[in-house]
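What follows is one structure encoded as structure tokens, with my remarks underneath.
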Amino acid sequence: MVAAVKSLRTPSEVVDAKIAGRDRLAALEAVAARYAVAITPAIAGLIDPSDPHDPIARQFVPDARELEQQPEERGDPIGDDAFSPVEGVVHRYPDRVLLKLVNACAVYCRFCFRREMIGPGRGGLSPAALAVALDYIGAHPGIWEVILSGGDPLILSARRLGDVVARLAAIDHVKVIRVHTRVPAVAPEKISAALVRALRARDKATFVILHVNHPRELTKAARAACARLIDAGIPMLSQSVLLRGVNDDVATLGALMRTLVECRIKPYYLHHADLAPGTAHWRTTIAEGHALLRALRGRYSGLCQPSYVLDIPGGHGKSPIGPNYLSDDGTTVEDFNGRRHIYPPRR
Ligand code: SF4
């Protein structure tokens with residue numbers, strides 16, 4: 001395991017920390033010239049450099065295959081741009097918007113679906129742009145929920161987050177503030193008492209959705225960070241990406257879901273990997289995803305079952321993609337052992 005005291009942000013730092021061999025430096029530099037790199041001390045400490053297939057390293061250490069773009073891949077795979085009425089806002093569904101506060105993250109995932117838009121120095125919403133975004137939300141009474149996203153909004157200071165949460169909470173029709181983040185797992189020390197306080201708003205519900213892909217990411221420190229949020233009355237759910245070589249086997253996926261539930265985090269989404277550029281080596285087939293979900297349902301508690309979803313390319317939104325246990329004609333249903341049973345039609 002590697003002891004780092006600050007985030008590793010260049011290929012040289014990754015090589016010097018012995019997370020990747022020096023023979024890979026040129027390949028890492030070629031990738032880093034296009035896509036951002038950051039590995040926090042918490043994540044560096046989890047990587048086993050002696051394992052060439054380490055599932056943590058695989059998520060964060062650049063790979064030469066990231067520069068191989070497939071024809072079906074696209075820079076904006078889930079179609080954010082087409083649904084962005086003002087800077088920083090994505091309004092795709094009637095009752096909720098994304099508010100993208102910042103275009104940087106604590107770590108840069110090699111499979112990131114927004115990899116063309118994020119990185120250090122990409123900035124975030126200026127005060128003027130934030131005011132316009134909040135005006136837009138205030139002018140649309142159908143917006144019930146605001147999802148703070150980015151980038152990772154929890155890299156912001158407690159003061160800035162508190163300001164945004166308070167201004168959202170002042171909008172009467174906004175009832176729910178949801179935060180999408182990797183920070184409690186990849187930089188748990190950032191979940192301070194001040195930050196937890198900043199996320200709470202009187203008479204509004206705040207949810208935190210943790211992005212986590214492998215059970216080893218839920219270290220003792222990460223669990224404590226999540227407990228600080230949950231104990232303060234902030235419910236947590238999870239989202240994970242189905243990733244080849246990281247969690248595409250039932251034992252790992254089941255262990256991830258169980259660990260989340262043990263931390264009082266309800267598994268919410270398992271995303272089929274998006275068509276982001278240079279990420280083909282990450283993607284499973286949907287049929288492989290179905291086999292995993294069926295195995296999960298057969299062997300693990302209902303609390304451990306995420307919804308398997310796909311963001312339809314082009315911005316058409318997220319859809320659950322199965323597996324389906326009911327026959328097309330509605331006459332038979334499959335049990336958790338794969339056996340089919342007749343369901344009698346209504347008389
Ligand atoms: S934390 Fe999210 S936005 Fe940031 S690199 Fe990872 S997947 Fe992309």
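The values are calculated or read from the model by the stated rules, or taken from the named source; none is laboratory data. The structure presented is a predicted model; accordingly, all values stated were derived computationally and were not measured. Note that each Cβ is placed from the backbone with ideal geometry, even for glycine, and that neighbours are counted across all protein chains shown.
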Check your understanding: Based on what the data block shows, is L229 within 16 Å of the ligand (Cβ to nearest atom), touching a Pro at 6+ places or on another chain (Cβ under 8 Å) and under 24 Å from V146 (Cα atoms)?
Key -> no
Exercise for review: Report, by residue number, each residue of the stretch 95-116 that is closer than 13 Å to V186 by Cβ and among the β-branched types (V, I, T).
Suggested key: V107
Point to revise | strands (runs of 3 or more DSSP E) contained in the stretch 228-324 and holding at least 2 residues without any contact (Cβ under 8 Å) to a residue 24 or more places away in the chain and farther than 24 Å from L67 by Cβ | key: 318-320
Exercise for review: Report yes if R294 is of a type in the set (D, E, K, R) and surrounded by fewer than 21 Cβ atoms within 10 Å (Cβ to Cβ), otherwise no.
Suggested key: yes
Exercise for review: Kindly list the number of the only condition in (1) away from the ligand (no atom under 15 Å from the Cβ); (2) closer than 24 Å to R223 by Cα; (3) surrounded by 21 or more Cβ atoms within 10 Å (Cβ to Cβ) that fails for A158.
Suggested key: (3)
**Study point:** Of residues in the stretch 198-222 being among the basic types (K, R) and farther than 18 Å from D152 by Cα, the one surrounded by the fewest Cβ atoms within 10 Å (Cβ to Cβ)
**Key:** R202
**Study point:** Residue satisfying condition, being touching a His at 6+ places or on another chain (Cβ under 9 Å) and away from the ligand (no atom under 16 Å from the Cβ), within set G142, G150
**Key:** G142
Practice item. Please tell me if V196 is more than 28 Å from S126 (Cβ to Cβ) and not hydroxyl-bearing (S, T, Y). Key: no
Review point. Any chance the stretch 174-190 includes a residue that's more than 23 Å from R223 (Cα to Cα), away from the ligand (no atom under 16 Å from the Cβ) and not charged (D, E, K, R)?
Key: yes
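Yes/no matrix, rows are residues, columns are (1) more than 16 Å from the ligand (Cβ to nearest atom); (2) touching a Gly at 6+ places or on another chain (Cβ under 6 Å); (3) at pLDDT 95 or above:
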| position | (1), (2), (3) |
| --- | --- |
| L46 | no, no, yes |
| P55 | no, no, yes |
| F60 | no, no, yes |
| D63 | no, no, yes |
| G75 | no, no, no |
| V97 | yes, no, yes |
| R114 | no, no, no |
Practice item. Read through the list (1) exposed (fewer than 15 other Cβ atoms within 10 Å of the Cβ); (2) among the aliphatic types (A, V, I, L, M); (3) in contact with a Phe, Trp or Tyr (Cβ under 8 Å, 6 or more places away or on another chain), then give the number of the only condition that A128 fails. Key: (3)
Check your understanding: What is the one condition in (1) away from the ligand (no atom under 16 Å from the Cβ); (2) within 20 Å of A36 (Cα to Cα); (3) of a type outside the set (G, A, S) that L134 does not satisfy?
Key -> (2)
